[in-house]
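Before any comments, here is the structure.
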Amino acid sequence: MNEAVNQGGVNVAIDDRGLATVEFFHPLSNSLPGKVLAKLANTITELGENDDVKLILVKSAGERAFCAGASFDELIAIEDLETGKVFFSGFANVINAMRKCPKLIIGRVQGKAVGGGVGLASSVDYCYATKQAAVKLSELAVGIGPFVVGPACERKLGLAGMSDLAINATEWRSAEWAFQRGLYNDIFEDAAAMDAAIEALVGRLLTKSVPAMRGLKKVFWEGTEHWDELLAERAAISGELILSKEAKDAINAFKSK
C-alpha cells in the first residue's frame, strides 16, 4: 500500500475562551484514510464530553483543498465486504460524531470539497467558505455512489441539490451554488476575510448560554435519531459496490491521471 496512506493526522487546540480548534490534514489534498477518520471522529466525541469546551471549529490544513474525500489507496486495496464496510464507516462515524456532539460545530472550508469532504461540510452546524470552495460528489464516477454522505448532504442541500451533485458526478458546482442552497452560510473572497468573520462569530457565540446552544443543537438535528443504523446500512452498500471490477477499474483510471 502506498506509504502516503500512513501520513496525515488531526491536531487539536483549546483556547482559554473554550474554543476547540480541530485541524485535519493529509498530504494528498486532505484525502482521508481510515486512521485519520477514526481520530477525527474520536476527537469530536471527546471534545463534546469536555466541560472546558464550549464551541468547536473544524478546519483542514493547506490552502487549495478542504478535503478530497476518501483515500484512493485504501479504496483500491479493499478486497472483501467486511473491509469495505469498515472503510466506509469511517466517514459515517465522523458524521455521527458531529451529529451527536452536544456542542455547536463551526466549519471552515478554504478550498475544494469532494465526496466525503462535502459530507463533512454538510455535518457542521454553521459553515463558512471561500469562493474557491467548489463542491463535487464524484462517487458515481468511480462505480459507487454518495450513499454514506448522502443523508448529511440532503439535509443541508435538499434532495434536489444532493441529486444534482450525485448525478453530475464529474462536474464541479461553485461555492456560490453551495451558498445559494444552504450548504455554506456565507462565502468570502479569501481565507483572511473568512477567518475574520469566523473570529467575529466565535466571539459572539462564546458569550452565549451553553445550555441554550446545547438545546439548539438538539433542535437542529431532530429527525436524525436513526442515523446510526442508516449510515451503517449505507456503508454496507458502498462496501459491496467497491468490490466490483467496474469500481476497481474506475479508481485505477482516476489514480493514473
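The values are calculated or read from the model by the stated rules, or taken from the named source; none is laboratory data. Note that the structure is a prediction, hence the values are computed from the model and not measured. Positions of Cβ are generated from backbone atoms using ideal geometry, with glycine treated the same way; all protein chains shown enter the neighbour counts.
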Output yes when any residue across region 132-144 is hydroxyl-bearing (S, T, Y) and either modelled with pLDDT of 95 or more or buried (at least 24 other Cβ atoms within 10 Å of the Cβ) (or both), and no when none is. no
Taking K103 as the residue in question, decide whether it is over 29 Å from I167 (Cα atoms), surrounded by 20 or more Cβ atoms within 10 Å (Cβ to Cβ) and either of a type in the set (S, T, N, Q) or out of contact with any Phe, Trp or Tyr (no Cβ under 8 Å at 6 or more places or on another chain) (or both). yes
Looking for whichever is at pLDDT 95 or above and on the phi > 0 side of the Ramachandran plot here; the options are G215, G158. Which one fits? G158
Going by the structure shown, is A191 among the aliphatic types (A, V, I, L, M), buried (at least 24 other Cβ atoms within 10 Å of the Cβ) and modelled with pLDDT of 95 or more? no
So which residues in region 12-41 are crowded, with 22+ Cβ neighbours inside 10 Å and touching a Gly at 6+ places or on another chain (Cβ under 7 Å), if there are any at all? H26, N30, S31, L32, P33, V36, L37
Could you tell me how many of the residues in region 158-173 are outside any helix (DSSP H, G or I), more than 18 Å from the chain's Cα centre (by Cα) and of a type outside the set (V, I, T)? 2
Out of region 190-229, which residues are touching a Ser or Thr at 6+ places or on another chain (Cβ under 7 Å) and of a type in the set (D, E)? D190
Note on region 60-77: residues within 17 Å of V109 (Cβ to Cβ) and either buried (at least 20 other Cβ atoms within 10 Å of the Cβ) or not charged (D, E, K, R) (or both) are S60, A61, G62, A65, F66, C67, A68, G69
Would you check which residues across region 174-192 are over 18 Å from K136 (Cα atoms), in contact (Cβ under 8 Å) with a residue 40 or more places away in the chain and part of a helix (DSSP H, G or I) and list them? A191
